[in-house]
């Protein structure tokens, strides 16, 4: 019988934020598949899982997803990854493939999932805590209350993105906002909203900062800003 | 010594989607506080937690949050709830207060959290799986891939909300969309996007439906639609 593939979100960093289901499946599956940019690379998702589950080295299987600019090469690599997984499933192996945060939000797993679904394999996605939810909790604030909506921008390309989104939603999450903080601050000042933003930066790493937006400060790559209609 | 309050998201329904941290804290805390609309009401969040943790009845404490229309009465009730919690913390009790889904997304806990923070109490938010993440996983799709943003509308007030949001984000989650499905479908047809929507309805309940948007069908109150730029 063919094996089953589980795509598993391991949450944003704290191993205790794994779900009970994620822990059980990582324990039970024959193989723990870990997406890496190149072979031998250290995997953050794997290290998180290891903090909660004892994973024998022999169960771990690296799956390479190249990040080169050439789109055709990236697609070929995704196809090869899917075929590698299919071969293992054909051998009857069950596989837990890991992803940071939630499995349905910007995960590499999606590229494998779609191909395997199409080919008729048995696949299941298992949700994990998204990083922006953990960030808000870390900062001690809600993302939204009552009947408000919110938007999520994964990586700011230009300040007009923020401007347009604030025309629709009063609550906004901007991920990887590090180098754009001052720019967003200036826009918030224009709108009288400069006290409505919280920064969650480099959590658990050097230079950790969780608190109000300070415009004249340097922030690292792993910086999220949460803008709220009311603080 | 004063006790500590933990606001704990128990996820969207499946007890196995509790985090390891949620389970541990519910086990360890002296009191499990459960928001209810009126005394004796059955609590979905409590039932989910009970599916993963053995909770002695004596540890459970109902906290009433009225849903009456009168805003002043709602505020007074929230204040009374906060004071009830503060009294227990003053007695040195540790408290796990439960919420459905994630603790930072539309949770009643937020009203207590703010008041206790202001009063100088020790409080901590513990993230849970948001319902829309679990919904996407259940449907076997991602919410977002690559570098796309997304918006979340908790409860549709008018179709112009969807129109405006689609002007900013190609990916959109609409919760409690039940009675508006046909209306949203018509808008998607106008944009040639009618095949880009998935419905997750009444999961685990009578009339469960997870699949493509079928316009001429009745959907229950617990219906979420996920619209994607690409399927």
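None of the figures in this text is laboratory data; all of them are computed from the coordinates on show. Treat the numbers as computed from the prediction; the structure is a model and nothing was measured. In this analysis, Cβ positions are derived from the backbone assuming ideal geometry, glycine residues included, and neighbour counts consider all displayed protein chains.
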Largest to smallest principal axis extent of the C-alpha atoms in chain B, angstrom: 61, 37, 36
Using helices alone, what [θ] at 222 nm do you get for chain B, with -39,500 (n - 2.57) per DSSP H run of 4 or more residues, divided over all residues and rounded to the nearest 500? -9500 deg cm²/dmol
Provide Rg and Dmax in Å for the protein assembly as shown, with only Cα atoms included in the calculation. 21.9, 64
Taking the Cα-to-Cβ direction at residue A:157 and at residue B:122 and moving 7 Å from each Cα, how far apart do the two end points lie in nm? 4.7
Mean separation of Cα contacts under 8 Å, 6 or more apart, over the residue count of region A:131-227: relative contact order %: 31
With labels modelled as points extended 7 Å from the Cα through the Cβ direction, what inter-label distance (nm, one decimal) is found for residue B:216 paired with residue B:164? 3.3
Averaged over all directions, how much area does the convex hull of the C-alpha atoms of region A:131-227 cover when projected, in nm²? 5.7
For residue A:80 and residue A:66, calculate 0.36 nm times their separation in residues minus their Cα-Cα distance, and state this gained length in nm to one decimal. 4.0 nm
Considering all projection directions equally, how large on average is the shadow of the alpha-carbon convex hull of region B:1-137, in square nanometres? 8.1
Shielding by other protein chains, B:161-172, mean Cβ within 10 Å: 3
Provide the FRET efficiency to the nearest 0.05 for the residue B:57-residue A:50 pair, computing r from the beta carbons and using R0 = 41 Å. 0.65
Calculated FRET efficiency, residue B:91 and residue A:191, Cβ-Cβ r, R0 41 Å, to nearest 0.05? 0.40
For chain A, the longest principal axis of the Cα atoms and the Cα long axis of helix A:109-118 enclose an angle in degrees, to the nearest 10, of 50
Could you please rank A:39, A:194, placing first whichever residue has the fewest other Cβ atoms within 10 Å of its Cβ? A:39, A:194
